[in-house]
Amino acid sequence: MKFTTSVIAAILATSTYATPLAARDDAAPSITITASYAAAATSDSSTSSAASPKDTLLTQKLLLADTAADRYALLPSNTQFQFDFNQPKGLGGKGGDLFAANRKTFPALVGTSSGMAVGFLGPCGFNTPHIHPRATELQIVVEGKVITEMLPENGVFNVPGNATSGRRVIRTELSAFQMTPFYQGSVHTQFNPSCDNATFIASFNSEDFGTGQVADELFAFDDMVVQAAFGQAIDGADVDKFRKNIPASIAKGVSECLTTCGIAARR
């Protein structure tokens, strides 16, 4: 399946999406689960336990340590070298969850230039187009099937050197223990086309890889900017309506999958 403009528009109009658990009234205060890569709109990390001022101070000390040996002295407990991805997963009734290990959520990563995330996509789960500004991602599927698409950058066309041939979209269909790269700064997305859960593991060559959900960021601009970006495709009066329907996290998508799996679309 190719994520065409019409498909994306349908997703924006009909999708349901995962709300960061920490923002819910019934959420446990010690747990933050965001459904996008290390970043919801208000956070740059997913954590197994909320970062405390003490943890922040530890990260700062690790960043300022003179040597690697000094860092070990700041991490005296063996448990500080263990990160647990076994968190409660809310796959029922929403698109999925993602847990990220970065230098804020896992201070032992300071100095490693490495990070990692584990993503859980529910049936028809759709991780909306996003970028990682400071890292290349290597993603391997360990359960189920995941369809990915990536737009590398300007100037990459279906026919090299021929802009009229259209932008090249690199598409993969990954089964268990198959992998694809998402290059730093590239726009990419993942979709679970089945009625079963899918799980992937993502590694990053940065301990602070960051994330930006493309549609969510675009619609955060002033209305005139949004209108200019879309030309006549969106009337100015409709900008707010579209903005409310932008999924900022892993979203249920694509009507064919929803129908096949008997999942009702949000109206």
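Rule-based calculations on the coordinates, nothing more; no lab input. The structure displayed is predicted, hence computed values, not measured ones. Here Cβ is always computed from backbone atoms with ideal geometry, including for glycine, and neighbour counts include all displayed protein chains.
Which whole-Hz ³J(HN,Hα) couplings does the range 110-121 yield from phi under the Karplus relation 6.51 cos²θ - 1.76 cosθ + 1.60, θ = phi - 60°, glycine and proline marked x?
Each residue's phi maps through the Karplus curve to give 4, x, 8, 6, 9, x, 7, 9, 10, x, 10, 9 Hz.
Of the peptides 167-179, 203-215, how do they stack up when ordered by the mean number of other Cβ atoms within 10 Å, highest first?
With the highest mean Cβ count within 10 Å placed first, the list reads 203-215, 167-179.
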